[in-house]
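The next block holds one structure in the form of structure tokens; read it before the comments.
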Amino acid sequence: MKMLRLWMMAAIFTFSWMSVGAQTKQGEFFSSSWIGAGMSTFAGDIEDAKSRFGFAINSEIGYNVTDWFAPSIGLTNTYQGVGYSVIDKSLYMDILSVPLLMNFSAGPVTLKAGIQPDFILSARMNGISYTDQLKTVSLSAPLALNWNFMTDSDGDLWFLELRYHLGLTKMNKDVMFTNGWRTPGSIRNSVVMLTVGYKCNL
């Protein structure tokens, strides 16, 4: 299942990369894909949480309602981690998200905001699974600032994007972790990423 998901993401990314068309305008559908890396941690009722490096890949499709406004829906696969200094261990998570975004453009800059459900596919610490002790689905709010730094001969765009995922709902169940790691009252996700991507019309 994991390999199938990765192949699907790769296929969508490749399709977006190879598509040819003019720069998107009002009334046009567009596709964009990016790959990036950043830092993730837990927020909320937790102390001494350490950030851990992770990476992500994303593909999305949107529609330009006007020249400056476009809703979009995407699929993001992120590999995140968080360190817990009390026991000197790290929890690593594989998360699949579905960002629903409103895109507001002004020249080469696009501001993005929305909401996304996050599905925890796996969570492991020292080779032991903690997936059952976290909620299957949580909600977060993605916020992003996008800069189109280059346009190719077909009018397609290359962009850099700084994206932050703010956790809105608790990720942990009301249980105690095994092996000495006590579940706080409420922990939420917090992720910041720097990405590079490609956008074209369909």
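Entry note, the stretch 35-94: relative contact order of 33 percent, from Cα contacts under 8 Å with a spacing of 6+ residues.
Please label the shape of the stretch 17-143 as rounded, prolate or oblate, based on the square roots a ≥ b ≥ c of the eigenvalues of the alpha-carbon gyration tensor (a/c under 1.5 means rounded; beyond that, a/b larger than b/c means prolate, else oblate). Prolate. What number comes out for the charge environment of Ser140, summing +1 per Lys or Arg and -1 per Asp or Glu over other residues with Cβ under 9 Å away? Net charge in that neighbourhood comes out at 0. For a straight C-alpha distance cut-off of 13 angstrom, the aspartates and glutamates reachable from Lys170 (same-chain residues fewer than eight places away being disregarded) are Asp45, Asp118.
A simple count of charges around Ser33, restricted to other residues whose Cβ falls under 12 Å of its Cβ and scoring Lys, Arg +1 and Asp, Glu -1, yields -2. Stretching Leu100 away from Ala37 to a fully extended chain increases their span by 20.6 nm, per 0.36 nm per residue minus the current alpha-carbon distance.
Karplus-derived 3J(HN,Hα) values for the stretch 120-131, using 6.51 cos²θ - 1.76 cosθ + 1.60 with θ = phi - 60°, are 7, 7, 7, 8, 9, 9, 6, x, 9, 7, 10, 4 Hz; glycine and proline are entered as x. Ranked by the mean number of other Cβ atoms within 10 Å of their residues, highest first, the peptides 186-193, 140-147 fall in the order 186-193, 140-147. Excluding residues on the same chain fewer than 8 positions from Lys199, give the aspartates and glutamates whose Cα lies under 18 Å from its Cα. Output for Lys199: Glu28, Glu60, Asp67, Asp152, Asp154, Asp156, Glu161. In this label model, Ser90 and Tyr164 are separated by 2.3 nm, measuring between points 7 Å along each Cα→Cβ vector.
Quick note: the coordinates plus some simple rules give every number you see, no bench work behind them. This one's a predicted model, so the numbers in the text were calculated from it and none came from an experiment. Neighbour counts run over all protein chains shown; Cβ positions are idealised from the backbone, glycine included.
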